[in-house]
Amino acid sequence: MRTITSRKSERVKELTKLHKKSTRYAAGHFLAEGPSVVAMAPSDRIEELFLTEEYLEQFESFDVATTLVSTEVMSALCESESPQGVLALCSISTQDSTEILSRPGQIVILDSLSDPGNMGTIIRTAHAAGAAGILTFGSCVDPLNSKVVRSSAGSLFHVPIAQVAGPEVLPKDRPVFVLTGEGSVELHPDITSGSSNPIWVIGSEAHGVSDTWVSGKWSFTGVRIPMAPGVESLNAAVSAALCLYSHVI
């Protein structure tokens with residue numbers, strides 16, 4: 001087993017470059033941090049494990065290359081303020097929007113979602129609800145951002161995610177529900193009756209869905225979540241959970 005004790009190590013410098021989005025995709029790898037996240041990763045996605053001494057026994061059954069690192073090195077490798085002693089170098093799995101759209105089950109389209117915590121929570125919720133996948137549109141936060149990965153609690157490895165070009169590529173036989181405060185229909189389990197494959201479009205935290213989805217060019221259904229007077233909006237992750245589970249329950 002290799003050991004790294006200096007944060008000035010060339011290997012540490014190489015790995016920390018993966019904190020940058022462009023480097024991640026160029027290298028085909030990203031870093032997954034935390035014992036619960038790494039425990040959810042399929043073994044064929046983990047290239048190398050980095051552990052502090054207290055986690056060696058917990059992860060000894062993982063049949064992957066393992067490097068023992070000091071607490072100082074682990075802090076350098078991780079982007080969280082108080083990192084736990086587990087980090088995995090993982091391969092990026094390339095997904096295709098066409099394949100995701102052909103799968104049975106619910107799909108969530110995220111339009112320019114910028115908050116990594118919301119993105120990770122939606123991934124986790126989609127996994128729990130048995131969704132077919134997530135599609136990103138516009139200027140969404142990178143799903144492999146370290147905070148997204150942590151917030152997903154490992155579900156990132158089990159929910160297909162891809163970028164979608166726009167409404168024009170969506171299947172004509174699948175109902176599309178666009179969440180907007182001006183929606184003509186209130187969210188209710190009955191709106192998805194008769195279809196097992198609804199598509200939900202959730203907008204950004206600050207601006208909601210873009211004009212692309214509400215232009216009138218598409219026969220999508222505008223949906224609003226009923227709220228008490230004086231409440232402007234709900235958190236994007238909460239809204240996604242309500243939509244997904246309105247169909248599941």
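Just to verify a result, which residue in the range 84-104, among those that are under 17 Å from the mean Cα position of the chain (by Cα) and part of a loop (DSSP other than H, G, I, E, B), is modelled with the highest pLDDT?
Per the stated criteria, the residue is 92.
For the range 31-62, which positions are among the charged types (D, E, K, R) and either within 23 Å of residue 14 (Cα to Cα) or crowded, with 19+ Cβ neighbours inside 10 Å (or both)?
Within the range 31-62, the first condition is being among the charged types (D, E, K, R), and the residues that meet it are 33, 44-45, 47-48, 53-54, 57, 60.
Of everything in the range 31-62, those that are among the charged types (D, E, K, R) and either within 23 Å of residue 14 (Cα to Cα) or crowded, with 19+ Cβ neighbours inside 10 Å (or both) turn out to be 33, 44, 45, 47, 48, 53.
Do you know which of the residues in the range 127-153 that are of a type in the set (D, E, K, R) and out of contact with any Lys or Arg (no Cβ under 8 Å at 6 or more places or on another chain) is surrounded by the most Cβ atoms within 10 Å (Cβ to Cβ)?
150
Would you check if residue 169 is exposed (fewer than 14 other Cβ atoms within 10 Å of the Cβ) and either closer than 30 Å to residue 42 by Cβ or at pLDDT 95 or above (or both)? Spell out the reasoning first.
Numbers: exposed (fewer than 14 other Cβ atoms within 10 Å of the Cβ): yes; either closer than 30 Å to residue 42 by Cβ or at pLDDT 95 or above (or both): yes.
Considered against the rule, which asks whether it is exposed (fewer than 14 other Cβ atoms within 10 Å of the Cβ) and either closer than 30 Å to residue 42 by Cβ or at pLDDT 95 or above (or both), residue 169 comes out as yes.
How many residues are among the hydrophobic types (A, V, I, L, M, F, W, C) and in contact with a Lys or Arg (Cβ under 9 Å, 6 or more places away or on another chain) if we restrict to the range 28-52?
Just the residues of the range 28-52 that are among the hydrophobic types (A, V, I, L, M, F, W, C), to begin with: 30-32, 37-41, 46, 49-51.
From what's left, in contact with a Lys or Arg (Cβ under 9 Å, 6 or more places away or on another chain): 30-32, 37.
Result for the range 28-52: 4.
Suppose we filter the range 175-196 for residues that are surrounded by fewer than 18 Cβ atoms within 10 Å (Cβ to Cβ) and in contact (Cβ under 8 Å) with a residue 60 or more places away in the chain; how many remain?
Result for the range 175-196: 2.
Please specify each residue of the range 68-83 satisfying the condition of being closer than 20 Å to residue 146 by Cα and either modelled with pLDDT of 95 or more or more than 21 Å from the chain's Cα centre (by Cα) (or both).
Within the range 68-83, 69, 71, 72, 73, 74, 75, 76, 77, 78, 79, 82 qualify.
In the set 53, 72, 47, which member is without any contact (Cβ under 8 Å) to a residue 60 or more places away in the chain and over 19 Å from residue 155 (Cα atoms)?
Details: 72 fails: without any contact (Cβ under 8 Å) to a residue 60 or more places away in the chain; 47 fails: over 19 Å from residue 155 (Cα atoms).
Among 53, 72, 47, only 53 is without any contact (Cβ under 8 Å) to a residue 60 or more places away in the chain and over 19 Å from residue 155 (Cα atoms).
Could you grab me the full set of residues in the range 64-75 that are exposed (fewer than 15 other Cβ atoms within 10 Å of the Cβ) and either in contact with a strand residue (DSSP E or B) (Cβ under 8 Å, 6 or more places away or on another chain) or assigned to a loop (DSSP other than H, G, I, E, B) (or both)?
Once the filter is applied, which keeps residues that are exposed (fewer than 15 other Cβ atoms within 10 Å of the Cβ) and either in contact with a strand residue (DSSP E or B) (Cβ under 8 Å, 6 or more places away or on another chain) or assigned to a loop (DSSP other than H, G, I, E, B) (or both), the range 64-75 yields only 65.
Out of 215, 210, 195, report the one residue that is out of contact with any Phe, Trp or Tyr (no Cβ under 6 Å at 6 or more places or on another chain) and farther than 17 Å from residue 108 by Cα.
Step by step, each of 215, 210, 195 is checked, and only 215 is out of contact with any Phe, Trp or Tyr (no Cβ under 6 Å at 6 or more places or on another chain) and farther than 17 Å from residue 108 by Cα.
For the range 76-91, which residues satisfy the criterion of being out of contact with any helix residue (DSSP H, G or I) (no Cβ under 7 Å at 6 or more places or on another chain) and loosely packed, with under 15 Cβ neighbours inside 10 Å?
Listed by number, the residues that qualify are 81, 82.
Assess whether residue 164 counts as being closer than 16 Å to residue 113 by Cβ, out of contact with any helix residue (DSSP H, G or I) (no Cβ under 9 Å at 6 or more places or on another chain), surrounded by 13 or more Cβ atoms within 10 Å (Cβ to Cβ) and not hydroxyl-bearing (Ser, Thr, Tyr).
Judged against the criteria, residue 164 is not a match.
Quick one: which of 8, 20 is loosely packed, with under 14 Cβ neighbours inside 10 Å, within 18 Å of residue 143 (Cα to Cα) and among the charged types (D, E, K, R)? Full working, then the answer.
Details: 8 fails: within 18 Å of residue 143 (Cα to Cα).
Only one candidate passes the filter, namely 20.
Within the range 198-227, count every residue that is part of a loop (DSSP other than H, G, I, E, B), more than 16 Å from residue 242 (Cα to Cα), at pLDDT 90 or above and not aromatic (Phe, Trp, Tyr).
2
Given the conditions (1) surrounded by 21 or more Cβ atoms within 10 Å (Cβ to Cβ); (2) under 19 Å from residue 234 (Cα atoms), and given that residue 156 satisfies all but one, which numbered condition is not satisfied?
(2)
The values are calculated or read from the model by the stated rules, or taken from the named source; none is laboratory data. Because the structure is a prediction, the values reported are computed rather than measured. Backbone-built Cβ (ideal geometry, glycine too); neighbour counts: all protein chains shown.
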